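Participant: Below are the structure tokens for one structure; questions will follow.
Read-outs: derived from the displayed coordinates by stated rules, not from any lab. All values reported here derive from a predicted model rather than from experimental measurement. Positions of Cβ are backbone-derived with ideal geometry, glycine not excepted, and every protein chain shown enters the neighbour counts.
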Amino acid sequence: MLWQQLQEQTVDLGWEFYGPVLLIVALVALAVPVWAALGIGAVIMLVTTDVLPLGLLCESLFDGIDHFALIAVPLFILTGDVLVRTGLSNKLLDVADATTGGFRAGLGTATVLGCGFFACISCSDAAGAAAVGRMTIHKLVDKGYPRPYGLVASGACTGILIPPSITYIIIGLILGISASTLFLAAAIPGVMIMLSIMVTNAVMNRIHGFEGEETGFSFARWRKAVWDGRYALLVPIIILGGIYSGIFTPTEAAAVAVATTIIIGMLQRTLTLADFPKMLVSSAKVNGVILPIIAMSLPLAQTLAALNVPQGVIFAVTSLTEDPMMIKLLMIAILIAAGCIMETTPNIVILAPILLPLAQEIGMDEVQFCIMMITALGVGFITPPLGLNLFVISGITGASVLKIAAKAGPYVIGMLIIVLMIAYIPQISTVFLPDIY
């Protein structure tokens with residue numbers, strides 16, 4: 001029996017395990033930096049359980065981030081910064097506005113589409129929320145939207161869902177799956193999330209009448225916007241085209257994206273040598289938040305694996321129910337709850353190795369699991385208490401986080417519907433994949 005095998009494989013866990021876990025939760029709740037909380041918990045757990053030598057910590061800190069794929073992280077972050085400083089992000093938003101802005105709820109739809117464009121380049125939710133928010137929120141208010149409206153915060157969630165995405169690079173590294181494969185699998189789900197936000201906004205417009213005007217589509221205006229934004233559109237075309245055609249790896253695509261945006265900025269004289277120190281410092285600060293979390297999470301994840309925690313999770317869940325549909329619901333609930341209280345990166349590094357065996361036990365494909373996990377965690381960007389996008393928009397508008405979260409509620413429902421579809425319809429995330437990947 002599966003349960004008996006799991007019981008034999010699972011060790012008895014006491015306070016030497018639960019103590020460090022509770023300490024990590026307490027430290028994060030006290031606003032201690034996540035990387036420090038994870039590092040302290042990992043050290044204490046290694047010492048108290050003695051399941052692995054303490055020397056593993058130092059080795060993991062360096063080996064864990066010594067991967068070629070992770071070079072793409074600072075490069076994509078830098079690309080997003082260059083995009084904003086050169087004004088190319090404005091051009092992308094102009095194209096989005098010319099495409100949908102003439103229709104009813106068009107400005108809101110254009111805002112979400114602009115977030116999607118920005119996601120293809122910056123790969124960051126917070127950067128998208130800040131950049132698009134500054135450009136659109138005053139326009140949305142002029143159209144009749146309330147200031148704490150959650151549209152921009154929700155639309156910016158596409159930053160980690162539409163490929164290329166830093167999160168898919170990280171989860172691919174942790175689980176040993178090609179980032180290019182995950183990018184390919186995430187194409188349809190990412191677009192579905194974006195469409196769900198657009199549809200939700202259209203419904204909210206019908207109910208509240210935020211945008212009553214409808215000027216219609218103007219091909220002349222659209223053609224002019226596309227021509228003016230041709231260099232901005234060139235960047236996502238190069239990135240996605242290079243990755244999906246197999247010309248570039250994600251890391252190489254990130255390097256090409258940085259070079260392309262810098263060259264465009266220099267040729268258009270929107271970027272000078274004086275801007276480089278500021279861009280590098282800004283990007284380094286963001287990267288300095290992500291990589292220490294990855295480094296500190298890995299020894300903790302290795303300790304959990306050595307303690308057979310994944311097998312224990314499988315046993316605990318299957319002892320409640322053996323119904324695959326119910327188990328998927330439980331996994332989604334765990335991921336959404338985790339996304340509400342902790343950042344995406346540590347959630348990926350810690351939970352992915354634990355939940356993947358459970359997903360495989362009920363017949364889920366590993367790629368489908370990755371897409372479901374990232375999409376479910378993406379909901380956490382607009383749900384308190386963490387809700388990073390909520391804090392970004394709060395900083396721009398001055399509205400309280402809770403008011404913005406309340407306005408984002410309908411979008412959470414729309415995103416959850418897509419998460420459930422990804423979980424129960426494998427073809428959504430695997431239709432473009434080859435038989436062997």
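Participant: Run the helix sum for the chain: -39,500 (n - 2.57) per DSSP H stretch of 4+ residues, divided by residue count, reported at 222 nm to the nearest 500 deg cm²/dmol.
Facilitator: Result for the chain, helices only: -24500 deg cm²/dmol.
Participant: Quick one: compute a quarter of the convex hull surface over the Cα atoms of the stretch 147-214 and quote it in nm².
Facilitator: 5.8
Participant: Put +1 on the Cβ of each Lys and Arg and -1 on the Cβ of each Asp and Glu in the stretch 323-437; which of MET325, MET364, LEU433 then has its Cα farthest toward the positive end of the dipole?
Facilitator: MET325
Participant: Same structure again: For the chain, which semi-axes, largest first and in whole Å, follow from the square roots of 5 times the eigenvalues of its Cα gyration tensor?
Facilitator: 37, 24, 21
Participant: Run through all the Cα pairs of the stretch 56-212 and give the fraction in each 5 Å bin from 0, expressed as whole percent.
Facilitator: Cα pair-distance distribution for the stretch 56-212, in percent: 2, 10, 17, 20, 17, 12, 9, 6, 4, 2, 1, 0, 0.
Participant: What's the FRET efficiency of LYS285 with VAL32 using the Cβ-Cβ distance as r and R₀ = 22 Å, to the nearest 0.05?
Facilitator: Calculated transfer efficiency: 0.75.
Participant: Still on this structure, I have one more. Greater than 24 Å separation of Cα atoms is the criterion. Which listed pairs, LYS91/LYS403; LYS91/LYS143; LYS224/LYS278, meet it?
Facilitator: Pairs exceeding the cut-off: LYS91/LYS403; LYS224/LYS278.
Participant: So what is Rg over Rh here for the stretch 179-225, counting just Cα atoms and using Kirkwood for Rh?
Facilitator: The Rg/Rh ratio comes out at 1.18.
Participant: Let me know the charge dipole size of the chain about its Cα centre in debye, to the nearest 20, where only the beta-carbon of Lys, Arg (+1) and Asp, Glu (-1) is charged.
Facilitator: Roughly 2000 debye, rounded to the nearest 20.
Participant: Separate question: Towards the positive end of the charge dipole of the chain, with charges on Cβ (+1 Lys, Arg; -1 Asp, Glu), say which of ASN205, GLY150, ALA408 has the farthest Cα.
Facilitator: Positive-most Cα among the choices belongs to ASN205.
Participant: With a 10 Å cut-off between alpha carbons and a GNM built on the chain, which of CYS58, CYS115, CYS340 moves the most?
Facilitator: Looking only at CYS58, CYS115, CYS340, the biggest GNM fluctuation is shown by CYS58.
Participant: Enter the Cα centre distance for the pair the stretch 307-363 and the stretch 128-184, rounded to the nearest angstrom.
Facilitator: The stretch 307-363 and the stretch 128-184 have Cα centres spaced 24 Å from each other.
Participant: Considering only C-alpha atoms, what is the centroid distance from the stretch 215-287 to the stretch 39-90, in Å?
Facilitator: With the stretch 215-287 and the stretch 39-90 each reduced to a Cα centre, they are spaced 25 Å.
Participant: Something else about it: Got a sec? Charge dipole of the chain, +1 on Cβ for Lys and Arg, -1 for Asp and Glu; which of LEU83, LEU46, PHE219 is way out at the positive end?
Facilitator: Result: PHE219.
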